[in-house]
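Bear in mind these aren't lab numbers, they're just calculated from the coordinates by the rules spelled out. Only a predicted model underlies this, so the values are computations on that prediction, with no experimental measurement involved. Note: ideal-geometry Cβ built from the backbone for every residue, glycine included; neighbour counts use all protein chains shown.
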Amino acid sequence: MRLLVIEDERKTAEYLQRGLEESGYTVDVANNGVDGLHLAVENDYELIVLDVMLPRLDGWGVVKQLRNTKETPVLFLTARDDVEDRVKGLELGGDDYLLKPFAFVELLARVRTLLRRGPVRDVEHLSLGDLEIDVIRRRVRRAGQRIELTPREFALLYLLATRRGEVLSRTQIASYVWDMNFDSDTNVVEVAIRRLRAKIDDAHALKLIHTVRGMGYVFDINEPN
Amino acid sequence: MRLSLSARLALIFSLITVLSLSLAGVVLFNALTHQLLGQGDLNLELKVRHLRQLAEELDSAAAIRDHQVRFVALALGDPDLALRIETAGGTVLIDHDPSHIGMIALAATPVAGRAATGPVQQWTTGGTIPVHGVASMATLRDGSGLKISAARSMSDEAQLLNNYRDIIFATVASTTLIAVVLCYLFVRHALVPLRTIAASAQSITAERLDSRIDVSGAPLELHDLVQSLNAMLRRLQHGFDRLWQFTVDLAHDLRTPIGNMRVASEVALTRTRSATDYRALLASNIEECDRVGRMIESVLFLARAESPQFALRRAEFDAGEELQRIAEYFEGISAESGVHVRVSGRAQIYADRELFRRAVSNLLANALRHTPRDATVLMAASESAQGASISVQNPGEGIAAADLGKVFDRFYRGDEARSNSDASNGLGLAIVKTIVEIHGGTALARSDVGTTAFELRFPAFRDGVAAGSS
């Protein structure tokens, strides 16, 4: 999958390229709006990560002109958190909007969502190792043992399980599980993960929920390296 | 062009002066005219009566002629007086007219009483000089009738009145001029305090907000103005001081995480370390970055929320349900710290749901932080005609009365010992207050021995429109 990053801040562009390449994407970088637009029109990218504040031609100008010929999904990056800015970006044909500074896992999650073609298939049954999740009846078993979870604990486990192998940030988890869409100073998510682990992992040698320090949590058989 | 206040007042005063003086002049002139002419007419009548008396002592018309000198003597020394005595048949016996006034045939009443004379009649001579004339009938001893007429030209009186009019005009004009000049000067003088106020206002800058305008030198009428200006300055100074304090606190609070990152990175770089150590360092740096990020987000939120363009996405919902939901969000934390959270009540409110959650979450997080184990935090929603009330109450050490007014201040931390803890950036309650206030409500804090309660009051609303709020 080929992505284009249009970003004038050298360091930001560099780490975005590196991070996205390490996540399995092919990444081209442009350092200004004019070059970016040229690349975007000439090549077929799956997704464009576009900074709003750019020299020569700003992000909005790029999207406006790009939309004349192409429907490539665009993820806006911006340091300005004005509602009008957000609305403007989306009206001009941007597909999503991420506020700087952002967590890289958050960016990765947005990129994956935008690249995910078609509706997500609802699964009825999820399993990992000896853990089994019956989505319809909301039942969880590990090594054949029934585990009682509260509705929120189930929602948290379900989120982790459907995003297997993906690092989920605390903000993302709070938003998906509790619909709390603001950063709070509280360690609600940490505590919830700890309590879920006590029920799912503590009694077993094979751990399924892993902490990626500073970034978030991942659900997988192997600990991420 | 706009006239200055001094010029305008001077103009108004001079208009008033001109009008009142002119009115006085007209009244005085008329009074004098009336007086003078009345006096002249009375004299004329007396003359006629005198003549009649003289005539009635005589026997016949012929005797009148003989005593002409006696009659004419009455008019001596008054060249403007004309006399004519004629018989009832019209034969003129005496005609004395040294100034050639030109006597006309005057109407005379028949003799009815001693005082009867005809009406005063007026005409002019020489074109413009007014003449007043009076006539009377007399009866001689022989029973024959006699008509006595007297007329007088009013040239002296006319002259006097003309002079008088000129004096009035001159007086009105000069007094007006003096009034304008004096008025302008007085008004200018009276407005000196205003210029003084303007000058002291000019000397006030952002760096010198502590200076005040002197109220003692201002006249009574300007006291209110000066006091309002000073009150405004006080508010501005307070705002500036808060902003300044806020900037200092913000810089101070940013220094800690940035210092942590810098020192930790430097220490790590002083020698080669294992991959695990580097990992730990990077993770720690990310945590510090998150801390800085959250702080920036909070500060930006506060700044944005105070701007008039801030758009609330309001909806009507049950606050009780939201409290339940927020309590659920914190159930892990409360369970771990052994604190119970009890939610009660319902209240329909019209608010931005996201912001409402944020405000109440901050209150609950704060309450959980200060509640001892096994105690219960009470969250309640209630509704009255005044609006909805949300309260979060927790047992604990409580807040000192002196600090109660400061809990909603930015960067205020009740517990100095934990001022640098990750748990709170000191903006949580400031955000709560701001959120409630942009909904037109108020945030209150109460604390007794062993209990602290926060209350958020949202104004009543009708049909999706908040009453009395922005």
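If you average over every viewing direction, what projected area does the convex hull of the Cα atoms of chain B give, in nm²? Quarter of the Cα hull surface area: 46.4 nm². Using C-alpha pairs under 8 Å with a sequence gap of at least 6, the mean separation divided by the residue count of chain A gives a relative contact order of 12 percent. Each Lys and Arg contributes +1 and each Asp and Glu -1, all at the Cβ; summed about the Cα centre of chain B, the dipole is approximately 600 debye.
Between the beta carbons of residue A:12 and residue B:344, assuming R0 = 41 Å, the FRET efficiency works out to 0.25 to the nearest 0.05. With a Förster radius of 45 Å applied to the beta-carbon distance between residue B:386 and residue A:113, the computed FRET efficiency rounds to 0.50. Sort out the exposed loop GluC sites (Glu not before Pro) in chain B (DSSP loop, at most 16 other Cβ within 10 Å) and tell me the longest stretch that has none. Longest stretch, sites excluded: B:58-305.
For residue A:11, the lysines whose Cα falls under 16 Å of its own Cα, not counting residues fewer than eight places away in the same chain, are A:100.
Once the chain from residue B:185 to residue B:234 is taken as fully extended at 0.36 nm per residue, the excess over their C-alpha distance is 14.1 nm.
Straight-line reach from residue B:433: taking Cα to Cα under 18 Å and skipping same-chain neighbours fewer than 8 places apart, the lysines in range are B:406. Projected over all directions and averaged, the alpha-carbon convex hull of the protein assembly as shown occupies 59.6 nm². Is region B:220-297 rounded, prolate or oblate when judged by the Cα gyration tensor, a ≥ b ≥ c being the square roots of its eigenvalues, rounded requiring a/c under 1.5 and prolate requiring a/b larger than b/c? It is prolate, given that a/c is not under 1.5 and a/b is the larger ratio. Mind checking the angle between helix B:319-329 and chain B's longest principal axis? C-alpha axes, 0 to 90 degrees, to the nearest 10. The angle comes out near 30 degrees.
Distance from the Cα centre of region B:137-152 to that of region B:191-226, in angstrom? Measuring centre to centre over Cα atoms gives 88 Å. Taking label positions 7 Å along the Cα-Cβ direction at both residue B:161 and residue A:202, the computed distance is 12.4 nm, reported to one decimal.
Fully extending the segment from residue B:275 to residue B:171 would add 26.6 nm, taking 0.36 nm per residue of separation and subtracting the current Cα-Cα distance. Under the simplified labelling scheme, the residue A:102-residue B:23 pair shows an inter-label distance of 8.2 nm, with each label point 7 Å from Cα along Cα→Cβ. Cross-link partners for residue A:207 among the lysines, with Cα-Cα distance under 19 Å and sequence neighbours closer than 8 places in the same chain left out: A:199.
Restricting the calculation to alpha carbons of region B:311-466 gives Rg and Dmax of 15.0, 48 angstrom.
Global size of region B:93-201: 29.4, 102 Å for Rg and Dmax (C-alpha atoms, Rg to one decimal, Dmax whole). Here region B:5-162 is treated as a Stokes sphere of Kirkwood radius computed over C-alpha pairs; at 10 °C and 1.306 mPa s its diffusion coefficient rounds to 90 µm²/s. Shown here is the pair-distance distribution of chain A: with all Cα-Cα distances grouped in 5 Å bins from zero up to the longest one, the shares run 1, 6, 13, 16, 16, 13, 11, 9, 7, 4, 2, 0, 0 percent. Around the Cα centre of chain A, unit charges on the Cβ atoms of Lys, Arg, Asp and Glu (plus for the first two, minus for the last two) sum to a dipole of about 860 debye. The label-point distance for residue B:256 and residue A:143, in a model that sets each label 7 Å from Cα toward Cβ, rounds to 4.3 nm. Couplings 3J(HN,Hα) for region B:257-272, derived from phi with the Karplus relation 6.51 cos²θ - 1.76 cosθ + 1.60 (θ = phi - 60°), are x, 5, x, 4, 4, 5, 5, 4, 5, 4, 4, 4, 7, 5, 8, 6 Hz, where x marks Gly and Pro.
Put +1 on the Cβ of every Lys and Arg and -1 on every Asp and Glu Cβ in the protein assembly as shown; which of B:451, B:360, A:167 then has its Cα farthest towards the positive end of the dipole? Of the listed residues, the answer is B:451. Just to confirm a number: summing +1 for Lys and Arg and -1 for Asp and Glu over residues other than residue A:132 whose beta-carbon lies under 13 angstrom from that of residue A:132, what do you get? Neighbourhood net charge equals +3. Between the Cα long axis of helix B:155-190 and the first principal axis of chain B there is an angle of about 10°, rounded to the nearest 10.
Each of A:63, B:298, B:206 was scored by the projection of its Cα onto the charge dipole of the protein assembly as shown, and the greatest displacement toward the positive side belongs to B:298; charges sit on the C-beta of Lys, Arg, Asp and Glu. Under a model in which nothing but the beta-carbon of Lys, Arg (+1) and Asp, Glu (-1) is charged, region B:347-388 shows a dipole of about 180 debye around its Cα centre. Ranking B:55, B:32, B:103 by how far each Cα lies toward the positive end of the dipole of chain B (charges on Cβ) leaves B:32 at the top. Only helical runs count toward this figure. For chain B, summing -39,500 (n - 2.57) over DSSP H runs of n ≥ 4 and dividing by all residues gives -17500 deg cm²/dmol at 222 nm. When the Gaussian network model of chain A links Cα atoms closer than 10 Å, the mean-square fluctuations of A:171, A:186, A:162 top out at A:186.
With contacts defined as alpha carbon pairs under 8 Å and 6 or more residues apart, what's the relative contact order of region B:5-162 in percent?
Rounded, it is 25 percent for region B:5-162.
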